[in-house]
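Structure first, commentary second.
Just so it is clear, none of the values below were taken in a lab; they were calculated from the coordinates. Since the model is a prediction, treat every value here as computed from it, not as a measurement. Neighbour counts run over all protein chains shown; Cβ positions are idealised from the backbone, glycine included.
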Amino acid sequence: MLALTELGQRLRQERESKGLSLEDLQKLTKIQKRYLLGIEEGNYEVMPGKFYVRAFIKQYCEAIGLDTDAIFEEYKSDIPSTQTEDIPQQLSRVRSRKEIPQHTKGVSKAYDYLPTVLVVAGVVVVGIIIWVIAQNIVSDKNKEQANQEAPNSEVQQSNTQEETNETTAKNDNSTSEDDQSAADKKEKEKAEKEKAAKEKAAKEKKDSGKQEYKEVQKTGRSATYALSGTDAFNLEVTSTQADTWLDVKNGKGNAFFSSILKKGETKEFDLTKENEARVNIGYSPGVELKVNGKAVDLPFDSSKQVRQVVTIQYQPAEAQ
């Protein structure tokens, strides 16, 4: 393995402090894992070019929350500058074209074929004139035939128009009925959603009055809480500042979610049937937790403890 550069060491430490693996960073930046590893090891030879080195380092820094300009200034000796590398070769190709001598033999041969070219051009022009005249004759005949059929066409057009009007009227009636049916359906769906929302809000209000959420123990980056006095266990997790890794499992280790939670995204989990839930947050700044619709604090200061693990032990009110 290559020795890490100072920049590579700094980036790897920041990534690991946020609880992110190279696979997680690959999902966040869409940069292949081998290029990310190359940045950390200072092995820029694996990159497609010097321009990509700077671009990939910029994306790496943004993904883990570092100031890109400050990093580029501090570690400019570790980062290659972009330069045009193929100009000499291009100039060489231009110079070789200029050095190609102009031969006069081709010009003299062109003059030899000139009479033949003129004859062919004349034949083409005559053919075009004949084609235009023929088209005019055919057009005149079509006009005469159209004038003769005009009265019959007017009668047919009148009948067709009447049929069209009748069809349009029927379609309008059918469309009106469909629109009414669709409106009724939307109104019914809206009423059902409002009813469900009211029932949910009423239940959360009822539970929140007697719900208890208290700390049991806290150690390292992990904390345990006890949830009681309620018949529901609904968990909401929202990330407001940046993407973060989120892993939610029950007490048996079965995963409900294990992926990247995008900035501004909220995930909801109904854990009423579970006795315990374990929430692993890779990047806690800006992450908000709600239990049964009520906001609860994270156990640690997110500026000091980036990765946090919250375990919630649940005992339904009816079992107490």
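The table below gives the values:
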quantity: Under 15 Å from the Ala201 label point (7 Å along Cα→beta-carbon), backbone N, segment 279-295; calculated: 293-294
quantity: Gain upon complete extension [Tyr52, Asp179; 0.36 nm per residue less C-alpha separation]; calculated: 40.2 nm
quantity: Per-peptide average of other Cβ atoms within 10 Å, ordering 219-229, 263-273, 33-43 highest first; calculated: 33-43, 219-229, 263-273
quantity: Greater than 29 Å apart at Cα, pairs in Lys30/Lys290; Lys18/Lys58; Lys200/Lys249; calculated: Lys30/Lys290
quantity: Chain lengthening between Glu73 and Asn275 when straightened (0.36 nm per residue, less Cα-Cα); calculated: 67.6 nm
quantity: When each of Lys27/Lys214; Lys262/Lys304; Lys214/Lys262; Lys214/Lys294 is checked by Cα-Cα distance, pairs over 24 Å; calculated: Lys27/Lys214; Lys214/Lys262
